[in-house]
Amino acid sequence: MTRAIIFSSLLGIISILTTCSDSNDGFRTIKPDILKDKIAGGWAGKMVGVTYGAPTEFRAQGKTYEDTIRWKPSDIRGSLWQDDIYVQLTFLMAMDKYGIDAPSKKYQELFAKSGYPLWHANMQARKNFYDSIFAPLSGSPEYNIHADDIDFQIEADYIGFMCPGMQKTALGIADKIGRIMNYGDGVYGGVFVAALYAEAFFEDDIPAIIEKALRSIPSGSDYYKIIKDVVILHKQYPDDWRAAWKDLEEKWGNVDICGAGSTFNIDAKLNGAYIAMGLLYGAGDPMSTLEVSTRCGQDSDCNPSNALAVLGVIRGFSGLPAEMQDGVKAMGDSTFIHTSYSFNSAVESTYNYALELIQKDGGTVKGNKIRIKLQEPVEPPLEVAFPDVVFDRNISVFDENSWKKKGRWQLREISSREGNKTKQSLFSDIPGDELELKFTGTGIALYGNWFKDGGKADVFIDENLHRTIDTYYFFANQQHTECIWHVLNLKPGEHTMKLVVKGEKRPESEGVRVYITSAKIFRTEKKTNEDYRFSFE
């Protein structure tokens with residue numbers, strides 16, 4: 001164990017023993033200045049971590065990141081432009097406007113009408129809002145193929161920051177907000193992260209924090225299982241995180257529905273496991289925690305951001321390395337884009353919400369003593385977005401042997417800077433034009449473009465109308481090759497998908513075109529006990 005890690009552990013223990021305590025009357029106590037310092041530490045850790053990992057984001061897919069990472073405290077200013085920060089601050093602003101108990105639709109509305117671009121589950125949740133599909137349906141697997149993606153996991157920090165020692169309260173808020181864009185493991189990712197923070201206010205033993213946070217998610221979920229695997233692998237390879245990473249990748253590296261068929265993995269489970277790896281192998285040292293959680297790869301700005309935020313809550317802002325403190329202080333009053341918040345005002349607001357929630361739950365705030373009522377987490381019911389779904393193959397729309405076309409479908413090409421043209425999609429705006437695809441499997445996802453001239457189409461599965469889709473999207477500055485329709489959990493066997501252009505549009509659309517790029521085919525594959533290499537202790 002290095003001297004830095006020993007010092008880090010001692011600092012955390014001293015902090016906990018001198019400022020926070022449990023009593024035998026069912027309450028925990030903490031001083032107001034310490035509570036605010038820990039909230040500030042969480043926000044600062046989030047900002048430092050996201051800027052540390054930003055240059056590496058998705059540069060390592062299915063492998064560890066081994067290039068040099070150059071980071072300096074002045075880079076923290078870059079957090080002002082990070083979606084990891086400003087999206088969740090939108091939810092904080094919605095809380096300011098509508099109140100803590102406002103329905104999820106209000107949060108979804110402010111989020112959907114924000115002026116910034118979104119991706120994956122968040123973008124689908126925005127699209128769903130404008131298609132009158134509201135939470136919780138907006139995050140459900142029926143309407144969001146990104147249901148298991150990382151989105152809520154990187155946006156749930158503020159919930160944990162305002163719920164010190166209050167896992168149950170955090171779960172209640174997270175369950176409402178998380179279903180705007182996610183479901184199942186996607187929601188559990190945000191719940192787990194929020195629970196890590198809730199426990200970190202009163203606990204400095206990282207394995208204990210992880211174990212306690214797991215009490216807020218179903219033990220039968222894959223998210224729970226992958227975190228337990230990390231714990232087991234850490235014990236098996238206590239000094240070799242790369243060996244643990246390799247075994248984890250072998251078992252869990254190919255479970256992402258969104259990135260199916262590629263090395264890209266934005267699934268909440270795998271990236272959540274990298275948070276846990278950073279915490280365990282970092283052993284309380286900020287730079288070691290950043291190194292491991294970043295070098296695990298995939299969404300490698302989000303993961304160190306969450307991991308260091310946990311250390312920030314444990315240590316408090318005053319316990320973070322001086323250069324990190326100085327970097328945050330230097331831009332403490334600067335406003336995060338698309339929000340009304342700065343670091344300093346976010347800390348103040350989160351602190352005030354924490355006091356409100358503490359008292360709402362039966363705690364007290366008097367003078368220099370805050371008493372927080374002990375909560376026992378309740379494991380929520382298990383829900384699985386895509387049970388036993390496995391990617392089978394991708395079929396390009398330009399595969400003449402697979403697709404049957406009717407009507408006047410046209411080619412859309414993209415020109416590169418060098419003037420080279422690449423086939424991008426087929427499109428039609430003629431009512432009655434059809435695309436048909438026969439496939440063998442249990443599910444299909446149809447990919448195309450959402451554009452400002454997007455129109456409507458009817459999609460049939462086995463001659464039955466499944467849904468009318470609308471491909472209009474109003475953010476012209478984003479190139480959207482997206483899943484425009486999907487259906488899973490079909491009976492195994494042969495099926496036929498048919499899309500029929502309607503020649504109709506919503507009033508704000510500039511046209512009635514429907515763009516198609518490809519289809520992904522899925523099958524169902526039951527897992528057996530032999531598929532799980534690690535046994536739980």
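FYI, it's all coordinate maths here, none of it is from the lab. What you see is a predicted model, and the numbers here were worked out from it, not measured in a lab. In this analysis, Cβ positions are derived from the backbone assuming ideal geometry, glycine residues included, and neighbour counts consider all displayed protein chains.
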Value in Å of the Kirkwood radius, where the stretch 348-392 supplies the Cα pairs that are averaged: 14.0 Å
Helix 3-19 sits off the longest principal axis of the Cα atoms of the chain, rounded to the nearest 10 on a 0 to 90 degree scale, by 70 degrees
Would you mind checking the tilt of helix 83-98 against the longest principal axis of the Cα atoms of the chain, expressed as 0 to 90 degrees and rounded to 10? 80 degrees
Suppose we keep just the DSSP beta bridges with both residues in the chain; what percent of those would be antiparallel, to 5? 95 percent
Please report, largest first and rounded to whole Å, the three semi-axes of the ellipsoid equivalent to the chain, where each semi-axis is the square root of five times an eigenvalue of the C-alpha gyration tensor. 42, 25, 22
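If you take the square roots of the eigenvalues of the alpha-carbon gyration tensor of the stretch 143-275 and sort them as a ≥ b ≥ c, do you get rounded (a/c under 1.5), prolate (a/b over b/c) or oblate?
The shape class here is oblate.
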If I stretch the segment between Asp25 and Met287 completely, what's the gain in nm (0.36 nm per residue apart, minus their alpha carbon distance), one decimal? 90.5 nm
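At 0.36 nm per residue, minus the direct Cα-Cα distance, what do Lys251 and Glu348 gain on full extension? Give it in nm, one decimal, please.
Extra length from Lys251 to Glu348 when fully extended: 30.7 nm.
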For the stretch 389-524, the Cα-Cα pair-distance distribution in 10 Å bins from 0, as whole percents, is 13, 43, 33, 10, 1
Note, the stretch 267-283: 3J(HN,Hα) by Karplus (6.51, -1.76, 1.60, θ = phi - 60°), whole Hz, Gly/Pro = x, goes 5, 4, 4, 5, 5, x, 5, 5, 4, 4, 5, x, 5, 5, 7, x, 6
In the stretch 3-373, if the dipole is taken from +1 on Lys/Arg beta carbons and -1 on Asp/Glu beta carbons about the Cα centre, which of Ala243, Ser79, Ala260 is farthest to the positive end? Ser79
How large is the dipole of the stretch 227-319 about the Cα centre if only Lys and Arg carry +1 and Asp and Glu carry -1, each at its Cβ, rounded to the nearest 20 debye? 200 debye
How much length is gained if the chain between Lys404 and Ser132 is pulled fully straight, taking 0.36 nm per residue apart and subtracting their Cα-Cα distance, in nm to one decimal? 94.7 nm
Please go through the stretch 416-468 and write out the trypsin sites (Lys or Arg not before Pro) that DSSP classes as loop and that have at most 12 other C-beta atoms within 10 Å. Arg417
Just in the stretch 102-190: which GluC sites (Glu not before Pro) are loop by DSSP and have at most 16 other Cβ atoms within 10 Å? Glu142
Using only the C-alpha atoms of the stretch 68-224, find the volume of their convex hull and express it per residue in Å³. 140 Å³
Could you give the size of the charge dipole of the stretch 389-524 about its Cα centre, using +1 on the Cβ of each K and R and -1 on the Cβ of each D and E, expressed in debye and rounded to the nearest 20? 140 debye
Nearest 10 degrees, 0 to 90: helix 32-53 Cα axis against the chain principal axis: 40 degrees
Is there a quick way to get the dipole size of the chain? I mean about its Cα centre, with the Cβ of Lys and Arg at +1 and of Asp and Glu at -1; what is the value in debye to the nearest 20? 700 debye
